[in-house]
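The structure appears below as structure tokens.
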Amino acid sequence: MLPPYVYLILNILVNFAVFLIVTLSLNLETGYAGIPQFGRVLAVLAGAIVAGAVPGRLIAYYIGEKWGAEYANHLYNFPIVDRINREILAPNPLLSIGILLFTLVVAAIFGGILGYLSSYPALRLKEAYLGITLLAFGDALQIIGKYWQPLVGATMGVTVPDPYRCIGIGAEKTIGATLIFLGFAILIYLFVESLGRSPFGRALKAMRDSEVAAEVYGKNIVRLRGWALIIGGAIAAVGGALWAFYAGSMKALTYDRLTWTFWPWAFMMLGGTGNNFGVFVGVLIFSTVRSLIYVYKHALATIIPIKPAWLEYILVGLVIVLISLFRPQGFIPEKPALSVKRKEIERIKEAITSKKAEA
Amino acid sequence: MSSERRRYILETKDLTKAFGGLVAVNHVNIKVERNKMTMLMGPNGAGKTTFVNVCTGVLKPDEGEVIFDGRDITGWPPHDVYKAGFVRTFQVPEPFLKLTVLDNVLVAIGNKGENPFRGAIKWLWIREEKENIEKAFKILDAVGLADLWDRQAFTLGAGQLKMLEIARALATGAKLIALDEPIGGTDPAYANDILSYVKGLLKIWDVSFLLIEHRIDIALPFADYVYVMDRGKVIAEGLPDEVANNPKVIEIYIGE
């Protein structure tokens, strides 16, 4: 057994990792490209569904277990996945890694496809109307996942094969899985940051700031918006799949729009939109506070007059209201992202302005 | 046709655009000669900006044709018009507010790294980026914005935003640039400097200008050929002197 503070730290880290991934994807679409993405849950849920439905079935088929509609029936599902974990994944680290990566790729593809499909309404609708449409998409998929049993077990959910079982069981598995999760989150952070500092990120911001000027200066708005939605959807789906693997089970019910759309919005607004480091800070603050509330809920219950569980909701609502009122740019406002080092730019500038002064 | 094509970079034929009952651009035929500064003047509400919007694809025309560089570009979306080599500035500046002055210009120049697959890998676009930065500073220096390169556009004053509009358009290296009231709201000495600079570019670049202005006192001396619009129609055209003495033009500018 590990001391309790280690569990607290692991809890903070894993919350931080998953919401960093999801909020970065939201920031790419909303902060950079200016799309009101109120349906973030759609791609997250798609990724989780892939993790719940695909790798288990593949292995079940391979070992001669039920892999069709019955796979998602909880009467069969639990024993099948238990056997997969014990007999196939636990003794096979390479296969486990392969299954993990393969599932993430499939999840990214599905998330990307959903993002691409979302770009159709994004062409015709603007702002609030688009936001509502995307929100409805997210809810629609949740309803399908919640009631169509053959997919991922409807209300009973499914057990997700455990690619971390090869690390062990108990504390070392929790630590390993958390660190791997964090590793993915950092990779994704570096990826979106390099995109953000590239001409692509700059074009997205230009489109956000003035659509008509971006078009006149050669930007294909339809294509740019499509790319933002595809990449954002793919990243969010990877986050959803990693979360389902980490949790070890997948219930569509738990992928609600409060947790996977509005929370990321609050994190992004708190940290600062259009700026990945701001998102990093916002998610870190929130994950810490949420984990603290969760861990100390019994202590809190004796000093506050409401259920501690409500604190999280109150906190999110309060942050959205206060940030919009007093600091709409967030803790860390968007700063110009230089594509080339400042020194290098100054050097080019000197060379040109001094040449002219001589002439 | 081929000699026509060689002589004129832009030609509109019966171009028409109506908003409900208001015909903002009414069967307009305008030709812009290559390597010249063609001026389109007229009082407020004459339809000058609508004309530019229809030519550059910001608005779709109801009737007529836009021939650019020998190609029919009628109804093309703006980003295709840009690729063909035709850009315009905005009368009311449309800067990318949170981007720096330099980035505003770099967006206008464009870079292959705007494709996300290339964008993620820096060495695929960094060389082009550095060349573009050089290009951008040459223009920024000329319009007096070089020292403000790292300022976000929303911190600029009205006159500086006007210059940024011009800088973005010039940096694209387009074949035809429509300047929509580029000197509106700037002081006469500054306006003179800018127009002299722009006019000077005709000698060193393969570029043509369509200058939209209503400040004829400052702009007319720079024009090679002038069209006058009023209430959606072209009412006069000719060399600057002819137009300045045209009774119809005097009437709309000074009154009867």
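Principal-axis analysis of the Cα atoms of chain A puts helix A:171-196 at an angle of about 20° to the longest axis.
Label region B:60-204 by shape, choosing from rounded, prolate and oblate, from the square roots a ≥ b ≥ c of the eigenvalues of the Cα gyration tensor; if a/c is under 1.5 it is rounded, and otherwise prolate applies when a/b is larger than b/c, oblate when it is not. Mind showing how you got there, number by number?
Numbers: a/c = 1.62, a/b = 1.00, b/c = 1.61.
Note, shape of region B:60-204 comes out oblate.
Cα centroid separation, region B:64-119 to region B:209-256: 28 Å. Across chain A, C-alpha contacts under 8 Å between residues 6 or more apart give a mean separation that, scaled by the residue count, equals a relative contact order of 31 percent.
Using only helices, what value at 222 nm comes out for the protein assembly as shown when you add -39,500 (n - 2.57) per DSSP H run of length 4 or more and divide by the total residues, to the nearest 500 deg cm²/dmol? Working shown, then result.
Numbers: 26 runs with 355 residues, N = 615.
Value at 222 nm, helices only, nearest 500: -18500 deg cm²/dmol.
Other residues lying with their Cβ under 12 Å from the Cβ of B:PRO43 contribute a combined charge of 0, Lys and Arg counting +1, Asp and Glu -1.
Full-extension gain between A:LEU117 and A:LEU322, please, as 0.36 nm times their residue separation minus the C-alpha to C-alpha distance.
On the way: separation 205, 0.36 × 205 = 73.80 nm, distance 3.42 nm.
Here the segment from A:LEU117 to A:LEU322 would lengthen by 70.4 nm.
Once neighbouring chains are kept in place and the probe is 1.4 Å, which whole percent of the accessible area of chain B is contributed by carbon and sulfur?
Working: 5620 of 10850 Å².
With neighbouring chains kept in place, the figure for chain B is 52 percent.
Rolling a 1.4 Å probe over the protein heavy atoms of region A:4-256, with every protein chain left in place, gives an accessible area that is 70 percent carbon and sulfur. Modelled this way, with points 7 Å down the Cα-to-C-beta line, the labels at A:PHE191 and A:LYS307 are 3.8 nm from one another.
To the nearest 0.05, how large is the calculated FRET efficiency for B:LEU202 and A:THR353 if R₀ is 25 Å and r is the Cβ-Cβ distance? Calculated value: 0.60. Around A:ALA72, under 12 Å between beta carbons, what's the net of Lys plus Arg minus Asp minus Glu among the other residues? Value of the local net charge: +2. For the modelled label position 7 Å from the Cα of B:ARG215 along Cα-to-Cβ, which residues of region B:137-162 have backbone nitrogen atoms closer than 14 Å? Answer for this model: B:158-162. With the convex hull drawn around the C-alpha atoms of region A:53-108, the volume per residue stands at 69 Å³. Hey, what angle do you get for helix A:4-26 against the long axis of chain A, alpha-carbon based, 0 to 90 degrees rounded to 10? The helix A:4-26 is inclined about 50 degrees to chain A.
Applying a DSSP loop filter and a limit of 16 other Cβ atoms within 10 Å to the trypsin sites (Lys or Arg not before Pro) in region A:60-99 leaves A:LYS66. Taken over the Cα atoms of region A:232-330, the convex hull encloses 120 Å³ per residue.
Scaled to the compact-protein estimate 2.2 N^0.38 Å, what is the alpha-carbon radius of gyration of region B:3-254, rounded to two decimal places? Intermediate values should be presented prior to the final figure.
Numbers: Rg = 18.3 Å, N = 252, 2.2 N^0.38 = 18.0 Å.
Here the answer is 1.02, to two decimals.
Sequence-distant contacts, meaning Cα pairs under 8 Å at least 6 residues apart, place the relative contact order of chain B at 27 percent. Calculate the FRET efficiency for B:ARG127 and A:ILE314 from the Cβ-Cβ distance with a Förster distance of 35 Å, rounded to the nearest 0.05. With a Förster radius of 35 Å, E is 0.10. Structure remark: mean-square fluctuation, Gaussian network model of chain B, C-alpha springs under 10 Å; the largest value among B:PHE86, B:PHE51, B:PHE19 belongs to B:PHE19.
The overall shape of region A:1-115 is oblate: from the C-alpha gyration tensor, with semi-axes ordered a ≥ b ≥ c, the ratio a/c is 1.5 or greater and a/b is no larger than b/c.
With R₀ fixed at 45 Å, the C-beta to C-beta distance from B:VAL92 to A:ALA140 puts the FRET efficiency at about 0.65. Does region B:184-256 come out rounded, prolate or oblate, given a ≥ b ≥ c as the square roots of the eigenvalues of its C-alpha gyration tensor, rounded meaning a/c under 1.5 and, failing that, prolate meaning a/b above b/c? Since a/c reaches 1.5 and a/b is larger than b/c, the shape of region B:184-256 is classed as prolate. Note on region A:4-256: percent of Cα-Cα distances in each 5 Å bin, starting at 0 and stopping at the bin with the largest distance, equals 1, 7, 13, 17, 17, 15, 12, 8, 5, 3, 1, 0, 0.
In terms of overall dimensions, the protein assembly as shown has a Cα radius of gyration and Dmax of 29.7, 98 angstrom. On a 0 to 90° scale, report how tilted helix A:308-326 is relative to the longest principal axis of chain A, with both axes built from alpha carbons and the result rounded to the nearest 10. That works out to roughly 10 degrees.
The values are calculated or read from the model by the stated rules, or taken from the named source; none is laboratory data. Keep in mind the model is a prediction, meaning the values are calculated, not measured. For neighbour counting, all protein chains shown are included, and Cβ atoms are generated from backbone atoms with ideal geometry for every residue, glycine included. With ligands, DNA and RNA removed, areas are computed over all heavy atoms of the protein, side chains included. Shrake-Rupley method; radii C 1.70, N 1.55, O 1.52, S 1.80 Å.
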